[in-house]
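The structure appears right after this line, and notes come after that.
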Amino acid sequence: MEDIIRSLGFLCLGSRFKRIGEQLQADTQRVLDELEVRVQSSQYPLLAALDRL
């Protein structure tokens, strides 16, 4: 099946970035779950920033 969003190139760049970001967040959540870290992947950047303060 053809990926229409991808074939449109720069016209849909924002949608492609969103899709990539969602996939990265899902992959990060899988890793956190495997490590039994009880943090949602969406909260991790905030916690990492607070750790540096």
| said: Take the conditions at pLDDT 95 or above, on the phi < 0 side of the Ramachandran plot and polar (S, T, N, Q) and apply them to GLN23. Does it pass? | reply: yes
| remark: Being surrounded by 10 or more Cβ atoms within 10 Å (Cβ to Cβ), of a type in the set (Lys, Arg) and in contact (Cβ under 8 Å) with a residue 12 or more places away in the chain narrows ARG19, ARG6 down to just ARG19
| query | What are the residues in the range 22-53 that are loosely packed, with under 11 Cβ neighbours inside 10 Å and either polar (S, T, N, Q) or touching a Gly at 6+ places or on another chain (Cβ under 6 Å) (or both), if any? | reply | GLN23, SER42, GLN43
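The values are calculated or read from the model by the stated rules, or taken from the named source; none is laboratory data. Since the model is a prediction, treat every value here as computed from it, not as a measurement. Cβ atoms come from the backbone with ideal geometry, glycine included; neighbour counts cover every protein chain shown.
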